[in-house]
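Asker: One structure, pasted below without further comment.
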Amino acid sequence: MKNILIAGFAFVYLTLASTASASSCESTCQLDLVNSYFKALDKIAKKGSSSADIDFLLNTTHDDVNYIHVEYEANFTKDSWRKAFNRNLELGAYQNDESNEIRVLNSIPGKNYMAIEYAHGVIQADGKWQPTEPLLVIFGFTENKISLVKELW
């Protein structure tokens, strides 16, 4: 009987442990999400982008995502962020070409957060990427999705 109880507890523990690890998004997963975010953001910023590109980016974020830009005093929910993107799209604000690219320069993982140093840049004729000044953003993660983007520049 004692062996059955121990086996039962071990089964429950292993089941819970594997479920927890399967649903958690550790630093590699978080960095993959961040890189996907910047790739989708690059696509939105390019000439010829569409509202489908905006939807693609926002559909990869958590339903309760919050976008904050400290300097510009922006504080968007998913819905208000979508409206801001679409307003800029309608105004013709997105005019980058294929040579424009955002890249992650450094990352510091934390518990459900990641600090990212990144830069916008242009791929030169010789193929080298020429970055602008590095920028700082904090990403938060909930349920394997981006739930916070806090720009600190």
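Asker: Conditions: (1) exposed (fewer than 13 other Cβ atoms within 10 Å of the Cβ); (2) of a type in the set (Phe, Trp, Tyr); (3) not in a loop (DSSP other than H, G, I, E, B). Residue 153 meets all but one. Number of the miss?
Answerer: With respect to (1) exposed (fewer than 13 other Cβ atoms within 10 Å of the Cβ); (2) of a type in the set (Phe, Trp, Tyr); (3) not in a loop (DSSP other than H, G, I, E, B), residue 153 is out only on (3).
Here's the yes/no breakdown for (1) over 23 Å from residue 26 (Cα atoms); (2) part of a strand (DSSP E or B); (3) touching a Lys or Arg at 6+ places or on another chain (Cβ under 8 Å):
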residue	(1), (2), (3)
92	yes, no, no
118	no, yes, yes
133	yes, no, no
137	no, yes, yes
141	no, yes, no
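Asker: Name every residue in region 100-116 that is in a loop (DSSP other than H, G, I, E, B) and either in contact with a Ser or Thr (Cβ under 8 Å, 6 or more places away or on another chain) or over 22 Å from residue 33 (Cα atoms) (or both), in order of residue number.
Answerer: 112 - this is the single residue of region 100-116 that is in a loop (DSSP other than H, G, I, E, B) and either in contact with a Ser or Thr (Cβ under 8 Å, 6 or more places away or on another chain) or over 22 Å from residue 33 (Cα atoms) (or both).
Asker: For region 50-58, state whether one or more residues are among the aliphatic types (A, V, I, L, M) and out of contact with any Lys or Arg (no Cβ under 7 Å at 6 or more places or on another chain). Talk me through it step by step, then tell me what you get.
Answerer: Step one: of region 50-58, the residues among the aliphatic types (A, V, I, L, M) are 52, 54, 57-58.
Retained after the next criterion (residues that are out of contact with any Lys or Arg (no Cβ under 7 Å at 6 or more places or on another chain)): 52, 57.
Yes; the residues of region 50-58 include at least one that is among the aliphatic types (A, V, I, L, M) and out of contact with any Lys or Arg (no Cβ under 7 Å at 6 or more places or on another chain).
Asker: Right, something else. Can you give me the number of residues within region 34-72 that are more than 14 Å from the chain's Cα centre (by Cα) and not in a helix (DSSP H, G or I)?
Answerer: 9
Asker: Okay, moving on. Working only within region 107-133, note down all residues that are surrounded by 13 or more Cβ atoms within 10 Å (Cβ to Cβ), farther than 23 Å from residue 76 by Cα, touching a residue at least 24 places away in the same chain (Cβ under 8 Å) and out of contact with any His (no Cβ under 8 Å at 6 or more places or on another chain).
Answerer: Within region 107-133, 107, 109, 123 meet the criteria.
Asker: Further question: Within region 65-79, is there a residue that is modelled with pLDDT under 95 and within 24 Å of residue 143 (Cβ to Cβ)?
Answerer: no
Asker: When residues of region 113-153 are filtered for being within 12 Å of the chain's Cα centre (by Cα) and farther than 16 Å from residue 70 by Cβ, how many remain?
Answerer: Result for region 113-153: 7.
Asker: I've got another one for you. Quick test of your reading of the structure: residue 79 fulfils all but one of (1) of a type outside the set (A, V, I, L, M, F, W, C); (2) farther than 30 Å from residue 126 by Cα; (3) touching a residue at least 12 places away in the same chain (Cβ under 8 Å). Name the failing condition by number.
Answerer: Only one criterion in (1) of a type outside the set (A, V, I, L, M, F, W, C); (2) farther than 30 Å from residue 126 by Cα; (3) touching a residue at least 12 places away in the same chain (Cβ under 8 Å) is unmet by residue 79, namely (3).
Asker: Moving to a separate point now. So in region 22-33, with the set limited to residues that are part of a loop (DSSP other than H, G, I, E, B) and either in contact with a Phe, Trp or Tyr (Cβ under 7 Å, 6 or more places away or on another chain) or hydroxyl-bearing (Ser, Thr, Tyr) (or both), which one is surrounded by the fewest Cβ atoms within 10 Å (Cβ to Cβ)?
Answerer: Taking region 22-33 and keeping what is part of a loop (DSSP other than H, G, I, E, B), we get 24-26.
After this cut, where a residue has to be either in contact with a Phe, Trp or Tyr (Cβ under 7 Å, 6 or more places away or on another chain) or hydroxyl-bearing (Ser, Thr, Tyr) (or both) as well, the list is 24-25.
On the way: 24: 12, 25: 18.
Applying the filter and picking the extreme gives 24.
Asker: Restricting attention to region 42-57, which residues are under 20 Å from residue 141 (Cα atoms) and surrounded by 17 or more Cβ atoms within 10 Å (Cβ to Cβ)?
Answerer: 54, 57
The values are calculated or read from the model by the stated rules, or taken from the named source; none is laboratory data. These numbers come from a predicted model, not from an experiment. Because the Cβ atoms are built from the backbone with ideal geometry, glycine has one as well, and the counts that use them run over all protein chains shown.
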